[in-house]
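The structure appears right after this line, and notes come after that.
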Amino acid sequence: MRRIAAFALLSIQLCFAQVPSQRELNGFVIGQHRDVLEKWGEPYDEMETDDGWQYLAYKVSEEPFVYMLFKFPEDDLEHMTSIQITGEPSPGMAPFMGVRLGMPAAEVRRIFGEPGEKRMLTDPPVEVWEYEDRNYSFEMDEGKLYSIQIFGDQGFPFHDPRVRWEDVQSALRSTDVATLVAAFAPDAEIYQDEDVHQIDDSMAKVMADPGSEFRRGLALVVRALQNEKAAEPEDVNIRAGLGPVFKFAAESPVEEIVTIRDSGQWRVWEIKLR
């Protein structure tokens with residue numbers, strides 16, 4: 001009986017384990033450059049706060065009405081610190097940890113647990129759910145999910161394991177979208193001669209499209225890694241402000257692969273090809 005009770009207690013604890021902070025919402029990742037929004041055309045709305053923050057809103061769809069809001073802090077107007085999606089239920093929205101706009105509040109509570117704080121807004125008249133030491137929050141309108149926001153890097157635990165070359169190489173060779181989104185920093189770039197391959201749309205959309213500018217650059221990386229001179233880095237060092245840097249021999253078609261700390265993990269930030 002005591003063993004059964006202990007197992008039941010463990011099951012309850014696991015069921016209510018809090019969902020960790022998230023870096024991605026509807027395909028976009030915190031830290032992406034504002035230039036990725038150029039493909040979306042002119043903003044639906046824009047605003048600058050008294051303390052210098054800039055807000056850019058873009059329509060996702062007219063019917064049902066859904067928009068995304070991107071916030072840029074005064075001290076870095078080039079990189080989005082907050083991503084928010086708001087509006088009516090939309091089949092085109094990528095689920096956020098299993099929830100979508102329009103879901104009952106009870107379902108959000110079942111997945112994310114009871115919020116640490118609830119407060120009412122007057123304009124719009126919604127109830128805000130916030131969670132302690134997490135970067136996500138929700139807005140409820142008449143008992144249904146109306147808005148989701150991720151903001152900053154609060155709540156990302158940082159473990160500093162040794163980055164294994166085998167893991168980096170495996171991620172670079174992957175064609176799985178989730179693996180690629182997780183492997184790269186939001187403003188990652190690939191260099192070869194005068195060419196620069198950048199992420200120019202939502203992270204998930206870019207990684208899902210083999211024809212995107214970045215994925216074409218990544219294909220060059222994968223091809224270069226097939227060279228026996230690129231099988232293993234010649235040296236691994238740490239640069240100030242960066243993570244492990246993998247340096248390759250002069251005869252290798254890969255010059256270096258640089259990682260950086262982002263949302264609690266080391267991620268690939270720059271790749272230089274010869």
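The values are calculated or read from the model by the stated rules, or taken from the named source; none is laboratory data. Here the structure is a predicted model, which is why all the values come from computation and not from measurement. Here the Cβ is made from the backbone with ideal geometry for all residues, glycine too, and neighbour counts use every protein chain on show.
Considering each residue of region 159-202, count those that are closer than 18 Å to residue 255 by Cα and of a type in the set (D, E, K, R), and give that number.
Going through region 159-202 one residue at a time, the tally reaches 7.
Hey, can you tell me all the residues within region 152-162 that are surrounded by 17 or more Cβ atoms within 10 Å (Cβ to Cβ) and at negative phi? Full working, then the answer.
Residues of region 152-162 that are surrounded by 17 or more Cβ atoms within 10 Å (Cβ to Cβ), as a first pass: 153, 155-156.
Scanning region 152-162 gives 153, 156.
Need the failing condition index for residue 92 against (1) closer than 29 Å to residue 18 by Cβ; (2) modelled with pLDDT of 95 or more, just the number.
Result: residue 92 fails condition (2) only.
Does region 229-244 hold any residues that are assigned to a strand (DSSP E or B) and surrounded by fewer than 19 Cβ atoms within 10 Å (Cβ to Cβ), and which are they? Reasoning before the result, please.
Within region 229-244, the first condition is being assigned to a strand (DSSP E or B), and the residues that meet it are 235-238, 244.
Listed by number, the residues that qualify are 235, 236, 237, 238.
For residue 214, are the conditions met, namely being in a strand (DSSP E or B), touching a strand residue (DSSP E or B) at 6+ places or on another chain (Cβ under 8 Å) and touching a residue at least 12 places away in the same chain (Cβ under 8 Å)?
On the way: in a strand (DSSP E or B): no; touching a strand residue (DSSP E or B) at 6+ places or on another chain (Cβ under 8 Å): yes; touching a residue at least 12 places away in the same chain (Cβ under 8 Å): yes.
Taking the combined requirement at face value, the residue does not satisfy it.
Select from region 52-62 the residues that are in a loop (DSSP other than H, G, I, E, B) and modelled with pLDDT of 95 or more and write down the one among them that is surrounded by the most Cβ atoms within 10 Å (Cβ to Cβ).
If we filter region 52-62 for residues that are in a loop (DSSP other than H, G, I, E, B), which is where we start, we get 52-53, 62.
Imposing the further condition that a residue be modelled with pLDDT of 95 or more reduces the set to 52-53.
Details: 52: 11, 53: 16.
Across region 52-62, the extreme among qualifying residues is 53.
Restricting the search to region 156-180, which residues are in a loop (DSSP other than H, G, I, E, B) and either assigned by TED's automatic domain parsing to the domain that holds residue 227 or more than 14 Å from the chain's Cα centre (by Cα) (or both)?
157, 158, 159, 160, 161, 162, 163, 164, 174, 175, 176
Picking from 167, 141, 193, 176, which residue would you name as being closer than 21 Å to residue 107 by Cβ and surrounded by fewer than 20 Cβ atoms within 10 Å (Cβ to Cβ)? Can you show your working first?
Details: 167 fails: closer than 21 Å to residue 107 by Cβ; 193 fails: closer than 21 Å to residue 107 by Cβ; 176 fails: closer than 21 Å to residue 107 by Cβ.
Just one listed residue meets the conditions, 141.
Given the structure, is residue 201 of a type outside the set (Val, Ile, Thr), buried (at least 19 other Cβ atoms within 10 Å of the Cβ) and part of a loop (DSSP other than H, G, I, E, B)? I'd like the intermediate steps shown before the answer.
Values: of a type outside the set (Val, Ile, Thr): yes; buried (at least 19 other Cβ atoms within 10 Å of the Cβ): yes; part of a loop (DSSP other than H, G, I, E, B): yes.
Spelling it out, residue 201 is indeed of a type outside the set (Val, Ile, Thr), buried (at least 19 other Cβ atoms within 10 Å of the Cβ) and part of a loop (DSSP other than H, G, I, E, B).
Could you count how many residues in region 181-198 are among the hydrophobic types (A, V, I, L, M, F, W, C) and part of a strand (DSSP E or B)? Give the steps one after another, and end with the answer.
Of the residues in region 181-198, the ones among the hydrophobic types (A, V, I, L, M, F, W, C) are 181-185, 188, 190, 196.
Adding the requirement that they be part of a strand (DSSP E or B) leaves 184-185, 188, 190, 196.
Number satisfying all stated conditions: 5.
Only one of these is in the same structural domain as residue 34 (by TED's automatic domain parsing), under 16 Å from residue 138 (Cα atoms) and free of Cβ contacts under 8 Å to residues at least 24 places away in the same chain: 46, 62, 117, 74. Name it.
Values: 46 fails: under 16 Å from residue 138 (Cα atoms); 62 fails: under 16 Å from residue 138 (Cα atoms); 74 fails: under 16 Å from residue 138 (Cα atoms).
None of the others qualify; the one that does is 117.
Filter region 108-139 down to the residues that are of a type in the set (A, V, I, L, M) and over 23 Å from the mean Cα position of the chain (by Cα), then identify the one that is modelled with the lowest pLDDT. Walk me through how you get there before you give the answer.
Taking region 108-139 as the starting set, the residues that turn out to be of a type in the set (A, V, I, L, M) are 108, 111, 120-121, 126, 128.
With over 23 Å from the mean Cα position of the chain (by Cα) added as a condition, the list becomes 120-121, 126.
On the way: 120: 94, 121: 90, 126: 95.
It comes out as 121.
Can you name every residue in region 204-228 that is surrounded by fewer than 17 Cβ atoms within 10 Å (Cβ to Cβ), within 25 Å of residue 248 (Cβ to Cβ) and among the small types (Gly, Ala, Ser)?
Answer for region 204-228, where residues must be surrounded by fewer than 17 Cβ atoms within 10 Å (Cβ to Cβ), within 25 Å of residue 248 (Cβ to Cβ) and among the small types (Gly, Ala, Ser): just 219.
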